[in-house]
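What follows is one structure encoded as structure tokens, with my remarks underneath.
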Amino acid sequence: MSLKSRRALVTGSTSGIGLAIAKALAAQGSDVVINGFGDAAGIETSRAGLEAEFGVRAIYDGADMSKPDEIAAMIKHAEDALGGLDILVNNAGIQFVSPVEDFPIDKWNQILAINLSSAFHAIRAAVPGMKARKWGRIVNTASAHSLVASPYKSAYVAAKHGVAGLTKTVALELATHGVTANCVSPGYVWTPLVENQIPDTMKTRGLTREEVINNVMLVAQPTKQFVTVEQVASLVVYLCSDAASQITGANLSMDGGWTAA
Ligand code: NAD
């Protein structure tokens, strides 16, 4: 499953699932662009670590995924620095939980921008190069929430359903160009995004930390276990391989059986 000489960009890869995807792609020999927020020294440690551990080129672009101009500039930066972009993983995402009638309007707009529109802007900018080279892989990190809903997550669920629809449309448009577009849909993965929503959920539902973990999060996951970031990253690597050239427009669940129920 070598991805040697491929050039990849993973949005939201300074933490959690995105960082694991960047590592897994680098481990297969792909050069990588990492992106996301965080403390500069920590990001540089991750970037330099990818180069040292896997012998690939790794660069960082701090584009804000809520800003279309910065997204387009980041794709150009990646193409100029690495000589092209073969793999685009749209992974950046945020969460906010609130009853719909109290949902702050700025949070709605921010979630739609970062979790959905950023994928459109990145795909729009990256597709011409992929088409010209007749090879490309677009993988969007959707969620079980691209298939089913949970209360208090109106913006997130709307954005993730949108990601699934965008993925299918792009797959059809690119089907004869050697470019696939798929999404991966994890259930609950133990990352900062999940950990950070515990306090809000405790407050909104009047539960303890343990009750949120066991009765809200893992209640939906028949295996009663969190997905790991490495498991999600392995699926992304597979989708980027030549073995997966006939998988396009798919929404692949990795949710411990959640959406089978
Ligand atoms: P995380 O909080 O660990 O990582 C999110 C990443 O996105 C970070 O690198 C952060 O800096 C970056 N980011 C946030 N806002 C940004 C912005 N405006 N511009 C650029 N980067 C920005 O979260 P995670 O759990 O690893 O989530 C990654 C993706 O996986 C998200 O799309 C999320 O919706 C999805 N997902 C997560 C889970 C889960 O249980 N953790 C489940 C299903 C789907």
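The values are calculated or read from the model by the stated rules, or taken from the named source; none is laboratory data. Quantities reported herein were computed from a predicted structural model and do not represent experimental measurements. Positions of Cβ are backbone-derived with ideal geometry, glycine not excepted, and every protein chain shown enters the neighbour counts. To get the accessible areas, we keep the full protein, side chains included, count just its heavy atoms, and leave off ligands, DNA and RNA. Shrake-Rupley method; radii C 1.70, N 1.55, O 1.52, S 1.80 Å.
Before moving on, here are some points about what is shown:
- Pair list, Cβ under 8 Å, 6 or more apart: the range 222-239 residue touching a residue at least 40 places away in the same chain (Cβ under 8 Å) and closer than 16 Å to N91 by Cβ, other residue open to solvent by less than 80 Å² (accessible area, probe 1.4 Å) and of a type in the set (D, E): V227/D255
- Residues in the range 168-195 that are open to solvent by 20 Å² or more (accessible area, probe 1.4 Å) and within 17 Å of I247 (Cβ to Cβ) were compared, and the one that is farthest from the ligand (Cβ to nearest atom) is T176.
- Within the range 87-113, being away from the ligand (no atom under 13 Å from the Cβ) and within 17 Å of D61 (Cα to Cα) holds for I87, L88.
- Residues satisfying the stated conditions in the range 2-58, i.e. within 11 Å of the ligand (Cβ to nearest atom), polar (S, T, N, Q) and surrounded by 23 or more Cβ atoms within 10 Å (Cβ to Cβ): T11, S13, N35
- Among the residues of the range 64-101, those that are closer than 14 Å to L112 by Cα and either buried (at least 24 other Cβ atoms within 10 Å of the Cβ) or charged (D, E, K, R) (or both) comprise D64, M65, K67, N90, N91, A92, G93.
- Taken over the range 142-151, the residue count meeting the criterion of being small (G, A, S) and not in a loop (DSSP other than H, G, I, E, B) is 2.
- Put simply, of V89, V56 the only residue that is closer than 30 Å to Q246 by Cβ and in contact (Cβ under 8 Å) with a residue 60 or more places away in the chain is V89.
- The residues of the range 117-147 that are touching a residue at least 60 places away in the same chain (Cβ under 8 Å) and farther than 21 Å from T259 by Cβ, listed by number, are S118, A122, A126, R137.
- In the range 201-221, the residues that are within 24 Å of the chain's Cα centre (by Cα) and in contact (Cβ under 8 Å) with a residue 60 or more places away in the chain: T201, A220
- Flag for D61 being acidic (D, E), buried (at least 18 other Cβ atoms within 10 Å of the Cβ) and on the phi < 0 side of the Ramachandran plot: yes
- Residues of the range 127-148 classified as touching a Leu at 6+ places or on another chain (Cβ under 8 Å) and away from the ligand (no atom under 16 Å from the Cβ), total: 6
- Considering (1) more than 10 Å from the ligand (Cβ to nearest atom); (2) open to solvent by less than 70 Å² (accessible area, probe 1.4 Å); (3) in contact (Cβ under 8 Å) with a residue 12 or more places away in the chain; (4) closer than 25 Å to A8 by Cβ, the lone condition that G165 does not fulfil carries the number (3).
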